[in-house]
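Accompanying notes for the structure given below.
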Amino acid sequence: MTANPATASGAAVIESAVRQRLPGRGAPLLVALDGGSGAGKSTVAGALAELFSATVVDGDDFYAGGTSVEWDARTPAANADHCIDWHRLRAEALEPLLGGVSATWHPYDWNGPGGLLATTRTCQPSSVVILDGAYSSRPELADLLGLAILVDAPAGERHRRVVGRDSPMDDSWFARWDAAERYYFTYIRPASAFDLVVSSASAAQPSPAADGSQRQQHEHEPRNRQDR
């Protein structure tokens with residue numbers, strides 16, 4: 001099913017999908033908001049957090065790091081696999097929250113030379129936990145997920161959002177990241193694998209392709225933070 005969160009009807013579809021999964025649950029509902037950078041995942045996460053008093057886990061905190069040289073030395077499949085430290089994400093954030101206890105972790109330091117911040121982030125458990133970030137519905141987390149949502153928009157529109165909200169990106173940056181996301185959204189998590197597909201495209205934009213051919217960009221340099 002496809003909905004546009006920018007419309008009242010689209011927001012209602014997303015809200016209904018969450019509410020249908022809440023009754024009778026013995027544990028919090030984990031909702032993954034996946035999609036390319038600039039797709040609008042954080043906007044959807046904010047709306048859901050307000051509706052359900054939900055806890056939001058920022059996938060950016062669990063970026064695995066890597067310089068452009070390191071990214072260029074790996075295949076797109078390897079970069080897609082390496083991008084997020086899902087071991088740490090699972091152990092430090094998701095499993096505690098889904099177990100009904102607070103979770104504390106060191107976020108990735110996007111403004112430093114790489115590595116983690118010395119400070120920590122703590123989140124409290126709630127009935128709905130939202131995992132906001134690209135690669136958030138990866139297979140290694142599937143047993144924890146209660147709802148997987150793909151947030152999508154045409155590549156051109158996502159590019160404009162990223163460039164408008166971050167420092168300028170050159171073609172090599174986009175090409176490097178595009179290849180990893182294209183692999184992930186084609187072979188690992190195609191649109192057909194999601195419970196719900198959300199289009200965040202503006203009215204002037206064409207509908208996004210469902211085969212992943214238009215999916216693009218994400219941050220990978222330590223000085224930049226992925227823009228959603």
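Laboratory data are not the source of any read-out in this text; all were calculated from the coordinates shown. Since the structure is predicted, the reported quantities are computational estimates derived from the model, not experimental observations. A quick note on method: Cβ atoms are made from the backbone with ideal geometry, for glycine too, and the neighbour counts reach across all protein chains shown.
Could you compute the FRET efficiency for HIS106 and ALA12, with r as their C-beta to C-beta distance and R0 at 30 Å, rounded to 0.05?
0.20
May I ask you to compute the full-extension gain from ALA78 to ALA193, defined as 0.36 nm times their residue separation minus their alpha-carbon distance, rounded to one decimal in nm?
Answer, rounded to one decimal: 39.3 nm.
Tally Lys and Arg at +1 and Asp and Glu at -1 over the other residues with C-beta under 14 Å from the C-beta of ALA148: what net charge comes out?
Around ALA148, the surrounding residues sum to -2.
Any chance you could run the full-extension gain for ARG21 through GLU70? It's 0.36 nm times the residue separation minus the Cα-Cα distance, nm to one decimal.
13.5 nm
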